[in-house]
Amino acid sequence: MTPFISEIIGTALLILLGGGVVANVVLSKTIGNSGGWIVITTGWALAVYVGVIVSSPYSGAHLNPAVSIGLAVAAKFPWSEVPTYILAQMIGAMIGSGTVWIVYKQHFIATEDSQLKKAVFCTAPAIRNTFANFMSETIGTFVLIFSVLYFTDATLTEPETVIGLGSLGALPVAFVVWSIGLSLGGTTGYAINPARDLGPRIMHAMLPIKNKAASDWGYAWIPIVGPIVGACLAALLMLVLS
């Protein structure tokens, strides 16, 4: 298992289970239909748990370009490795979201609302306001990255591996993501992860989904740039405080 393969598998599991819980709640005729926000946030938190458990021994479980970039800004991860990690995360996100579509294909067909179909793949604002939406993604990601950077030693040994979400521990990081979703996620759906939004959004555009909505590329930059800015701010603050 290489770090590249580890990031692909870990991110694919994250998006498979995270996108899967959204599909279970919002698509028609599922057993979990209308389960609500608590179910979605809990499902995403547990999806992070699974992704971290699988990938942390081999890659540190970044699973998120914002994590890789934030760690590099904090001088805890080499910049030379960032592009490889981001590529792996994008591949994993696309594989995971494509698998969700396969699993729930009959329910996509049974669902008339095109926006609900899109929601399985990518985020959208509850109230569209560019500045507010951007700040929401920035602040949510700041909380995630600051937790990873500041509240841990950030060193794994036996065998030594790079820092990532795994340095915080699978269960604690799941609780951090759960808290972010419950407290801050109601504005934009808390992407807090560029690959989590962009990879599935690309798949939404590519897959032959009947009566699907537009993929909303005009909004797509916010869950990419916002998390990166939030990660950089968290890293810079950690450097100031350390």
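Here, each number is a calculation from the coordinates, and none is a lab measurement. Note that this is a predicted model, so its numbers are computed, not measured. Virtual Cβ from ideal backbone geometry, glycine too; neighbours counted across all protein chains shown.
Using θ = phi - 60° in the Karplus curve 6.51 cos²θ - 1.76 cosθ + 1.60, the 3J(HN,Hα) couplings for the range 34-46 round to 6, x, x, 5, 4, 5, 5, 5, 5, x, 5, 4, 6 Hz; x is entered for Gly and Pro. Computing P(r) over Cα pairs in 10 Å bins from 0, in percent directly from the structure and comparing it against (i) 7, 28, 32, 19, 10, 4, 0; (ii) 9, 35, 38, 15, 3, 0; (iii) 7, 29, 37, 21, 6, 1 singles out (ii). Ordering of 69-77, 99-107 by packing is 69-77, 99-107, highest average first (other Cβ atoms within 10 Å, averaged per residue). The ranking of Met1, Met203, Met90 by Cβ neighbour count inside 10 Å, starting from the fewest, reads Met1, Met90, Met203. For Thr111, the amide hydrogen comes within under 5 Å of the amide hydrogens of Ser28, counting only partners 5 or more places away or on other chains and with H modelled in the peptide plane. Residues in the range 173-190 carry Karplus couplings, in order, of 5, 4, 5, 4, 5, 4, 4, 4, x, 5, 8, 10, x, x, 8, 10, x, 6 Hz; the curve used is 6.51 cos²θ - 1.76 cosθ + 1.60 with θ = phi - 60°, and Gly or Pro positions show x. A straight line joining the Cα centroids of the range 60-83 and the range 34-52 runs 24 Å. A Cβ-based charge dipole, computed about the Cα centre of the chain with Lys and Arg at +1 and Asp and Glu at -1, lands at about 720 debye. Here the 3J(HN,Hα) profile of the range 229-236, calculated from phi with Karplus coefficients 6.51, -1.76 and 1.60 at θ = phi - 60°, is 4, x, 5, 5, 5, 5, 5, 5 Hz, Gly and Pro shown as x. If exposed means no more than 11 neighbouring beta carbons inside 10 Å and the site is in a DSSP loop, what's the longest run of the chain without any exposed GluC sites (Glu not before Pro)? No qualifying site falls inside 1-111, the longest such stretch.
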